[in-house]
Amino acid sequence: MKRAVIALSVSLLVLATTAFWFFKVEESVKGPEVLTFGIIIVLVGFGLYFAYRRFTGAKRGEPAEDELSKKVMQKTAAWSYYISLYMWVFMIWLKDMVTLDTEQVLGAGILSMAVIFFLCWIVIRLRGIRND
Amino acid sequence: MTNHIKEYRARHDLTQDDLAKKVNVRRETIVFLEKNKYNPSLKLAHDIASVFGVTIEEIFIFDNE
């Protein structure tokens, strides 16, 4: 239940910050911004779905965490950590190739880390954990 | 590793939800087990076998590939 509340709070906070940023942008919103907003909305949707699953599970009397959910999170964290290391190397290379502000590089890197975590979670759940 | 959880569950007229509650895991863990997408810990294997009143070997089949 605690994790569901945290996921819900973080998702709503990100949504509120994104909405604030969106309405603060003075110039017309262009392609990269629309893409960023789109990715954030998908990630917030994932967070809300995760919180909803936890709430409905708690309602049915299920434990908040069990050995499978812990293993899925551990494996997701490990995979996304390794992939993120390569992603940051790529970002450093990209910074030399294309003119980007430090702010843009950091923003893209943080967003990419969230996307990597989300994708790893989906792949691990689809593949399962067999420990073979 | 494969298992006969689904067959034993049907024999004992238990739903996935019932079995999950008896062994104190989430329902999706039972779903993953039945699809052979997850190998349980020794404790969970023991708890499941206890629910059906059989040994672990009768439910879980270890193939040495």
For B:Val54: the one exception among (1) touching a residue at least 24 places away in the same chain (Cβ under 8 Å); (2) touching a Ser or Thr at 6+ places or on another chain (Cβ under 7 Å)
(2)
Matching residues in the range B:22-38 - criterion: being assigned to a loop (DSSP other than H, G, I, E, B) and either closer than 16 Å to A:Ala58 by Cα or more than 8 Å from every other protein chain (Cβ to nearest Cβ) (or both)
B:Val23, B:Asn24, B:Val25, B:Arg26
Give me the pairs, please: first residue somewhere in the range A:91-102 and closer than 19 Å to A:Ile116 by Cα, second residue anywhere and at pLDDT below 85 and surrounded by 10 or more Cβ atoms within 10 Å (Cβ to Cβ), beta-carbon distance under 9 Å, and either six or more positions apart or on two chains.
A:Met91/A:Leu100; A:Leu94/A:Leu100
Does the range B:52-62 contain any residue that is within 22 Å of A:Ala58 (Cβ to Cβ) and either buried (at least 19 other Cβ atoms within 10 Å of the Cβ) or within 8 Å of the chain's Cα centre (by Cα) (or both)?
no
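The values are calculated or read from the model by the stated rules, or taken from the named source; none is laboratory data. Everything numeric in this text was worked out from a predicted model, so none of it was measured. Cβ atoms come from the backbone with ideal geometry, glycine included; neighbour counts cover every protein chain shown.
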